[in-house]
Structures are given as C-alpha cells and as structure tokens.
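In what follows, a structure is listed as structure tokens, so that the remarks can point back to it.
The values are calculated or read from the model by the stated rules, or taken from the named source; none is laboratory data. Keep in mind that what you see is a predicted model, and the values were worked out from it rather than measured. For neighbour counting, all protein chains shown are included, and Cβ atoms are generated from backbone atoms with ideal geometry for every residue, glycine included.
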Amino acid sequence: MKHVIFLGLLLLGCISYAQSGGSGFGIRAGVNFTNTGKISVDDITTLQPDGKLGYHVGIWGRLGDTAYMRPELVFTEINSSYSGEGFDEDFKMQKLDLPILFGHKFLGIFHGFIGPAFQYVLSTDLKDIELSDVENEFSVGFQIGGGVNFGKIGIDLRYERGFSPNYINLIGDVEGVRLDTRPTQLILGLSYKF
C-alpha cells in the first residue's frame, strides 16, 4: 500500500507542475481487451485464457510538448475466461495502474510513447472458486502505443504486458492449481485535456 500512496503523490506532483507551466492534465476512459496468464495444474497441464472486454478510467498529466512525459493514474478492470479439462470459469481482476509514458509528437497531431506501468492489484475473483491472495500485489509491466489528438480530445491504442508471472493459488478441491494474473492487453482510450 505504501507503493500506491507514493506513486499517487508522484502523479499529483506531476499534475500540479503541469498546471503551473507544463503542458496540461486531463481525464481518460476506454475499453481493454485482455488475456491474463495461463492456469497451470502442478506446472504440467495448462489452460490458456480467452480474452474479454474490460474497462478503465483515470487521470493523467503531461509535461513537455514535442518530447513529453505523461504519468497516469488509472483504475482498470480486466476479464478473462478459461475453459477445458472440465474447467469453465470467468476471471475478473481490478487494479490501479500508474504508467509513466515517454513520448514524442510528430506531424502536429500524432504521437507515440513507451514506458513502465506500475500495477497494484485491488481484487481478484474467479467465479465459483475461492482464491488465495495474489503473490505480489505490486508488479511492473510496460506499455507501448500511439495516438492522435484533435484539439482537447485524444484517442490512443496501446499494448500492455506484465514483466513477470504473478500467481494466485486456487483453494479447495483444486489443489496444485494456480493462475498467472499477469495481463496482456490492448487498450483503446479516449482522453480529454483541461
């Protein structure tokens, strides 16, 4: 939790700086198509996820003009489903994301960016099956993408991937079964600059 508080304060500092002479701040929302990691049984049998739609909503600050840094604080809900081997379940995870993106604007309205994405898992749920706590509530991944701005409105598409596996054990009649919560997702977002 200390990590989330620190990262939140960092974002607020960046937004304050952006208001006092940087490039600006705003809100964003959109949809994400997500796959979490595989389910493994005693590290032998595996079930691959089927991706589903989720959503995200958050705030961002931007420092710089042509070359820029853009920290964001985003609430994200991701969904996946698993079926096969007598298993048919939907998985849902809610998390706070703090991507710190470094980008470059070109041709006036286009931009590309890349950067680390810090993630804090708030909750996990696998329908009808009890789960242990996630191994690491705090993890790191990366995002890469691009977009276009039309005045105060921006649209971007990005790819996100977690760096390392982050497991949850399934509890009950399913001993030795664990799920990798690491997301791989395509994120389509709409943003508004104040």
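Structure summary
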{"quantity": "Tally, over the stretch 82-91, of residues that are surrounded by fewer than 17 Cβ atoms within 10 Å (Cβ to Cβ) and under 20 Å from the mean Cα position of the chain (by Cα)", "calculated": "1"}
{"quantity": "Condition check for Gly51: modelled with pLDDT of 90 or more and in a strand (DSSP E or B)", "calculated": "no"}
{"quantity": "Any pair with Cβ under 6 angstrom, 6 or more apart, that starts in the stretch 83-97 at a residue that is on the phi > 0 side of the Ramachandran plot and ends at one that is in a strand (DSSP E or B) and crowded, with 17+ Cβ neighbours inside 10 Å", "calculated": "Gly84/Leu47"}
{"quantity": "Matching strands (runs of 3 or more DSSP E) fully within the stretch 92-194 where at least 1 residues are modelled with pLDDT under 95, of a type in the set (D, E, K, R) and under 22 Å from Thr36 (Cβ atoms)", "calculated": "110-126, 153-162, 177-180"}
